[in-house]
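See structure below.
The values are calculated or read from the model by the stated rules, or taken from the named source; none is laboratory data. Every value quoted in this text rests on a predicted model; they were computed, and no experiment measured them. Note that we place each Cβ from the backbone using ideal geometry, even for glycine, and neighbour counts take in every protein chain shown. Calculation scope for accessible area: heavy atoms of the full protein, side chains included, ligands and nucleic acids excluded. Shrake-Rupley method; radii C 1.70, N 1.55, O 1.52, S 1.80 Å.
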Amino acid sequence: MKKDAKRKRDYIYYDFTRSMCRRCGKIIDAQIIFRDGKVFLRSICPQHGASEALIAANIDWYLKVINTRQATDRPGKFSKEISEGCPYDCGLCTWHEKACNLPIISITNVCNLKCPICFTYNRDDPEYFMPVEEFKQVIDWLTASEKSIDLINITGGEPTLHPELFKIIELCRRKEIGRVTLNSNGLKLAEDEDFVKKLAGYGVYVILSFNTFNRDIAKKMHGADVLKKKLDALKNLEKYGVQTTLMNVSVKDLNDKEIGKVIDYALKKDFIRSVTIQNMTYTGFAGGRFTPRKHLPIDEVIDNIVKRSATVADRAHHTIPAKLQNLHKKTRFSPDNSIEHREKRLTHDDFVPLPGSHPLCYSVCYIFRDGDYTFPLKRLFPGDEYYEILGKKYLVHPGENFQRILSDKINEIWARKDSYPESERILKMMKNMIGKLYPTGEHLSPFERQKRAEKFIKIIYIHAYMDEDTFDLSRVNRCSVLVPGIDKTYIPVCTYNLFYREKDKRFRKAGERGIR
Amino acid sequence: MLLENKTAIITGGTGAIGAKLCEIFSLEGADTAFNYEKSEKKAEKILTVIKENNRQGLAFRCSVLDSAGIEKMIDEVIRKFGRIDILVNNAGITQVLPLPLIEEEDWDRMMAVNVKGMFLVTKEVVRRMIARKSGVILNIGSIAGMRLLEVPVHYAAAKAAVTGFTISLAKELSRYNIRVNAIAPGMLDAGVGTNVPEKQYNEYMKYCTAGRPGKPEEVASFAAFLCSDKAAYINAQNMVVDGGL
Ligand code: SF4
Ligand SMILES: [Zn+2]
């Protein structure tokens, strides 16, 4: 402690928060500091001293996002009074700021891979498969506390190995629930085409873990050569039109530079709805031991995407007419470096914090898409309307607000066509979309309309989970990614992973200390 | 029964209001013919309903814009039913679009089906009614053509045309003892009303005294009354069925 106090102050102090000690697991004080253009979380354990973790690669980005508009969204029900303080009162306690937007339910601890990057605590003796009745209790609790819920995420272990998976999925067919998303490593999806067909029949959305196109890197990340399986899984998912999200765990200096390729692939495929990039989190049985431990903050992921994703634009605009090509040759812009071309790429400004969560937890980029034509949504709505469109949930709701903003925009583009590049094409896309969202004589529920709207949108989510080094109570407090329990509780998923899963006999043996 | 021994022809018989018109008209005693464009299955179902009501039914697959097809249909109805007492111009379409996105072809299609179609069918039927010096015509318009509501302009314009068509036709045909009226339904929970965007739906509900969308049968039973002899003193009117707006 003394040593730390004496240390030369080579940083700028910015803020104060509470974090945790990787060694003793206690909640401890922490500072947010700036050094060398970067932002760090510096936590101080009275017993184990200070430690630092990178939380933003660029101060400017951090300062820009940290105070962005946040949507308040009080939980439907609280289960606990405040007594011990955050995170020990998790339940939710009356202090929690956000309702559950993304409930995560682990239905098994069994998995057919042993990925070195896995960040959950997951015993597999004895094997645990959540009984259907227990799942029902969880769902009952969910629908009782949150009247309507966009989606339910089923995960594991590897949930496709649950022998009663389809009974569980069946239970989610309620009018209060929009959809089921199912995490998978893809092995079962590659091997069992009928299974994929059945998932398609149930309208399940699959979240396929997909980190790399490189076999060696795949081996390092998954402990096995799984690339072929992953590609087979994609083939099956595409064949049956299963709406798919690619879940990409991004590890610094391993696969992080490949993200552009993954996104470009996703943008080309109709069945892929979104890409979720999750930074590597050094926690859990495997992840806690993974080295080297290099934290990858959201802005660095954005940087990787911006530098490496090819294009997001209509191909037609890429072929520069012959006349113009000559012009380009004469100027200092080569065709490839022309302003037009550059604008087609995603930029930092195309990403914003998800209004429903802490800016260091989530960043999102929406890309309008109509056939071959793509357009980052933020460029159309540079102001606050964008946050209104995104709303406070995980998914966009094409309701009244959305409609008002959209029609204002249509009028504006139409009235000022010259100031909107590609105005004709954008208006055409909007017309196509309205036709699909409001078909005459056909009744659509709000959830169905939401799904139709999504056909015109590709989403890139960047989700920075927290581990012991980056744990920050101010983030937990506004978390809407919650683990619902059978005991009528909710626990923010990072807190659950770091504090509660280890007490959960289903996932961890008593006395087992993990990496701490 | 309101329409005992009458014969009726209803356009757009497989739509939400159309199907209810066929059902209620036959229930009230009319032999009922209708045309439709797309769903043969629905048409068969409606025919069964008419037959269950112990009336004769006829279904024709033809567009209201196909004048040759219409002529054939009317001839056939006359051959089977002997005459046409009632014509209900019900076929219509809508399209949710703000002004900037309405293109010329959208406008033309809206006007064609909703206005020109009504004109073509009416002209063909009126010929036979004049010859017999009797008949009733009922046109289905919409509140969209009358009130200050956020509705697509091409739809509103087409539905407003129904009103003009109705009153001038009533004047012109009065000397042949042919009555012409229109009904302007408000928002219904079926047909063109099903996918009204949230904003418009909520606004309608805010001002609607009934506090709910209407049902197609609430339009159809009023239509049966208007087409019956009980309504002999009602002519050249545009009757609003909108839940009180
Ligand atoms: S607290 Fe964890 S799970 Fe919750 S939003 Fe933040 S990073 Fe995500
Ligand atoms: Zn400690």
Hits in segment A:422-439 (condition: outside any helix (DSSP H, G or I) and either in contact with a Pro (Cβ under 7 Å, 6 or more places away or on another chain) or touching a residue at least 60 places away in the same chain (Cβ under 8 Å) (or both)): A:Glu422, A:Tyr438
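Residue by residue, here is whether (1) crowded, with 23+ Cβ neighbours inside 10 Å; (2) at pLDDT 95 or above; (3) away from chain A (no Cβ under 14 Å) holds:
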residue	(1), (2), (3)
B:Ile84	yes, yes, yes
B:Ala91	yes, yes, no
B:Leu101	no, yes, no
B:Glu104	no, yes, no
B:Ile130	no, yes, yes
B:Lys133	no, yes, yes
Among the residues of segment A:5-14, is any open to solvent by less than 70 Å² (accessible area, probe 1.4 Å) and either within 16 Å of ligand 1 (Cβ to nearest atom) or assigned to a strand (DSSP E or B) (or both)? no
So B:Asn195 passes all but one of these: (1) open to solvent by 50 Å² or more (accessible area, probe 1.4 Å); (2) within 14 Å of another protein chain (Cβ to nearest Cβ); (3) of a type in the set (S, T, N, Q). Which condition number does it fail? (1)
Kindly evaluate A:Lys436 against the criterion of being within 25 Å of A:Gln243 (Cα to Cα) and within 8 Å of chain B (Cβ to nearest Cβ). no
Tell me the residue from A:Glu442, A:Glu412 that is among the charged types (D, E, K, R), assigned to a loop (DSSP other than H, G, I, E, B) and at the interface with chain B (Cβ under 10 Å from one of its Cβ atoms), please. A:Glu442
Would you check if A:Arg35 is modelled with pLDDT under 95, of a type outside the set (Ser, Thr, Tyr) and away from ligand 1 (no atom under 16 Å from the Cβ)? no
Can you tell me how many residues in segment A:17-44 are touching a Lys or Arg at 6+ places or on another chain (Cβ under 8 Å), surrounded by fewer than 18 Cβ atoms within 10 Å (Cβ to Cβ) and assigned to a strand (DSSP E or B)? 1
Note on segment A:45-69: residues modelled with pLDDT of 90 or more, open to solvent by 20 Å² or more (accessible area, probe 1.4 Å) and touching a helix residue (DSSP H, G or I) at 6+ places or on another chain (Cβ under 8 Å) are A:Gly49, A:Ala50, A:Ala57, A:Asn58, A:Trp61
Only helices (runs of 4 or more DSSP H) wholly contained in segment A:123-199 count here; list those with 3 or more residues that are assigned by TED's automatic domain parsing to the domain that holds A:Val226, modelled with pLDDT of 95 or more and under 23 Å from A:Lys235 (Cβ atoms). A:165-171, A:187-191
Test B:Tyr207 against the criterion of being away from every other protein chain (no Cβ under 14 Å), more than 15 Å from the chain's Cα centre (by Cα) and open to solvent by 40 Å² or more (accessible area, probe 1.4 Å), and give yes or no. yes
Considering segment A:24-40 alone, what residues qualify as being under 20 Å from A:Tyr282 (Cβ atoms) and either more than 28 Å from the chain's Cα centre (by Cα) or away from ligand 2 (no atom under 15 Å from the Cβ) (or both)? A:Cys24, A:Ile32, A:Lys38, A:Val39, A:Phe40
For residues that are more than 16 Å from ligand 2 (Cβ to nearest atom) and over 14 Å from A:Pro87 (Cα atoms), scanning just segment A:466-482, find the one that is nearest to the other protein chains (Cβ to nearest Cβ). A:Ser480
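Rundown of residues vs (1) in contact (Cβ under 8 Å) with a residue 24 or more places away in the chain; (2) in contact with a Ser or Thr (Cβ under 7 Å, 6 or more places away or on another chain); (3) among the hydrophobic types (A, V, I, L, M, F, W, C); (4) open to solvent by less than 30 Å² (accessible area, probe 1.4 Å), yes/no style:
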{"position": "A:Ala71", "(1), (2), (3), (4)": "yes, no, yes, yes"}
{"position": "A:Gly76", "(1), (2), (3), (4)": "yes, yes, no, no"}
{"position": "A:Ser79", "(1), (2), (3), (4)": "yes, yes, no, no"}
{"position": "A:Ile82", "(1), (2), (3), (4)": "no, yes, yes, no"}
{"position": "A:Cys93", "(1), (2), (3), (4)": "no, no, yes, yes"}
{"position": "A:Tyr121", "(1), (2), (3), (4)": "yes, no, no, yes"}
{"position": "A:Phe135", "(1), (2), (3), (4)": "yes, no, yes, yes"}
{"position": "A:Trp141", "(1), (2), (3), (4)": "yes, no, yes, yes"}
